[in-house]
1. Suppose we keep only residues that are in contact (Cβ under 8 Å) with a residue 40 or more places away in the chain and of a type in the set (Ser, Thr, Tyr) within region A:403-420. Which one would you say is nearest to the other protein chains (Cβ to nearest Cβ)?
2. With A:Ala298, A:Ala308, A:Ala280 as the choices, which residue is of a type in the set (A, V, I, L, M), surrounded by 20 or more Cβ atoms within 10 Å (Cβ to Cβ) and assigned to a loop (DSSP other than H, G, I, E, B)?
3. Which of the residues that make up region B:97-118 are in contact (Cβ under 8 Å) with a residue 12 or more places away in the chain and either within 7 Å of another protein chain (Cβ to nearest Cβ) or surrounded by fewer than 16 Cβ atoms within 10 Å (Cβ to Cβ) (or both)?
4. Can you list the helices (runs of 4 or more DSSP H) lying wholly within region A:33-137 that have 1 or more residues being under 19 Å from A:Met321 (Cβ atoms) and touching a His at 6+ places or on another chain (Cβ under 9 Å)?
5. If A:Gly144 satisfies every condition in (1) surrounded by 24 or more Cβ atoms within 10 Å (Cβ to Cβ); (2) of a type in the set (Gly, Ala, Ser); (3) modelled with pLDDT under 80 but one, which is the exception?
6. Considering every residue within region A:55-78, establish whether at least one is free of Cβ contacts under 8 Å to residues at least 60 places away in the same chain and among the polar types (S, T, N, Q).
7. Of the residues A:Val191, A:Val187, A:Val236, which is touching a Lys or Arg at 6+ places or on another chain (Cβ under 8 Å), surrounded by fewer than 24 Cβ atoms within 10 Å (Cβ to Cβ), of a type in the set (A, V, I, L, M, F, W, C) and modelled with pLDDT under 70?
8. Let me spell it out: the conditions are (1) over 30 Å from B:Phe131 (Cα atoms); (2) at pLDDT below 80; (3) within 14 Å of another protein chain (Cβ to nearest Cβ), and A:Ile427 meets all of them except one. Which number is the exception?
Amino acid sequence: MLQSLHDLWYGFSIALQPSNLMWSFFGVLIGNLIGVLPGLGALSAISMLMPLTYAMHPVPAILMLAGIFYGSQYGGAIGAILLNLPSHPPHAVTCLDGFPLTKQGKGGTALGIAMIASIFAASFGITVMVFASPLLVKIAFKLGPAEIFSIMLLGLLAGGTMARGAPLKGIAMTLLGLLIGLVGTDVNSGVFRFTFGLPELADRIELVALALGLFGVADFLRNVNRIQAVGGGLRVRFRDMWPSKAELKQAFLPMLRGTLVGTLFGAMPGTGPTITTFVAYGLERKISKTPWRFGAGAIEGVASPEAASHSKTQVDFIPTMSLGIPGDPVMALILGTLLIQGIQPGPQLISEHADLFWGLIASFWVGNILLVLLNVPLIGLWVRLLRIPYRFMFPCALFFIAIGIYSTNNSLFEVNEAILFGIVGAILLALDFPVAPILLGYVLGPLLEENFRRSLVLSHGDLLVFFGRPISAAIMIVSLLIVGVQVFSALRARVRPSAVNVHAGH
Amino acid sequence: MIVLGLAAAVQGRAYSFGALQRPGPGFFPVVLGVLLGLVGVAIVATAQPMASSIDEGRYSREWRGWGCITLSLVLFVLLGKYGGLLPATFVIVFVSALGDRRNTVKDALTLALAMTTICVLVFWWALKLQFPLFTRG
């Protein structure tokens, strides 16, 4: 306990070093900006700036990427509340009540509440991270390859089935991601797999190309000529953002509940941010005494999902950093960056790279405070930015994507990969396949295979090894339960077709 | 239904690739391939009741947008190789901007020129990216 606080103090000394502070600030600023702009998300922002981090020291690099991640969430709420633009799926649910509030002239209040909920939830999430991570690490040291494999399998299963859309499609995408992850030289035998005779593919498919293809190019292909310019005449002043005492009181408990939902979902590997905010919103509506107000401008409907998304963001870092198992695609990208920097995330990370781990945690606090300071005076600027037409924005973004991919290896081959994945991604999106699990599968693929093979070597080829050790067996049973529940609910949905449309939103 | 056939084809392709691998390093690909094949079959099998929910109007065909975006990226690669950073930048912004019906040629031209200037300043002058401004391949 005391040790954690001491380490945290050390973390602040890292995070407040001028250069680290600068990169952290840069990260939250870019994240906030990208979050505000319609059609761009944290994923595309992080993958665009990832090439830049190759030349950086790991600490500022991670600080910056993490800053983009939570910064973009502040930005996403602005578009959702003021313009009804669910440019980022997790904020789609915020639109439901945020936009009606704007129409009633209370957009500023909604933004203020969202911001208070954000910083509250983020602080809670960070606190959980400070105290839970060292505990988790103690357990993690006892985990062998069999356990790691089981946890990853659980994460992939959860990621595939709990993404938006049909669970089967999610699983198919996870498998596709795992297959894409196999491309390249096999670590154990040196055999080239799925390289199609192209020497460039021996080095695996480039993470940046895959991510930007799936989340950048594919999104542009989908949105071109579809996103209409909106807004105009919107004015939010600094003064409007202070909620009244009654509103604060009304929002406080939902905020707390949202935070807890987010923390819980963050700790579970594989649960995406979108499901988290939908669950938080649904819970709030269910326990509310006045459920009819939801959808017509209930402040609770803004506070709870925003809090959930922020506490999840922070808690998400726990399994990524201490187990090396990313919970969602953004974490997968951050894990990828760590690996490229030569840092193996896992239980030894906290002791071997204490500066990185505690610096990151401290920077969360610094970054969140910076964000509030940024957002309050700059809200007018963000509102104006929201009006940049998509038709000007996407060509520029496309250029940044192309040059970003080029700069990872100074080669144009990766740009070709991105074109291919962009087209594939757009087709998959049009067919209602979630693309996020592909990235998760891609990053986890090699780790999964390695741990699988290692445990089989240790057990002399006995597949039951995954059920023989207690921790591994428990996780495997949870995995089987997830599959069972999905099959059961699918069968039930078939018997009662009316129950199919549970997914809120559009 | 065409949609579903396509999905099955994608799965089937992945399946046959997996099965071709040698057993040692090929173990994982084969397992994944088989699983993907099975899931693909399951998707096709369960998809019928949902077919009615596919809303045709939501996905209007945007050949101009799709064509221009893809073309602009392909041109970026080609011009990057046989022309250099400057023409490649200009073309990727110009062509992709034309993909949006509301952009006029003049809009696209202005945007492309502005981005090219930014590109030279940021990537060539400030970041010293290893990418020649002009080259002959």
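1. A:Ser407
2. On inspection, the qualifying residue turns out to be A:Ala298.
3. B:Ala97, B:Gly99, B:Asp100, B:Arg101, B:Leu111, B:Leu113, B:Met115
4. Answer list for region A:33-137: A:42-53, A:58-83.
5. (1)
6. yes
7. Just a single option satisfies the conditions, and that option is A:Val191.
8. Every listed condition holds for A:Ile427 apart from (2).
The values are calculated or read from the model by the stated rules, or taken from the named source; none is laboratory data. No experiment lies behind these values; they were computed from the predicted model shown. Quick reminder, even Gly has a Cβ in these numbers, built from the backbone with ideal geometry, and neighbours come from all protein chains shown.
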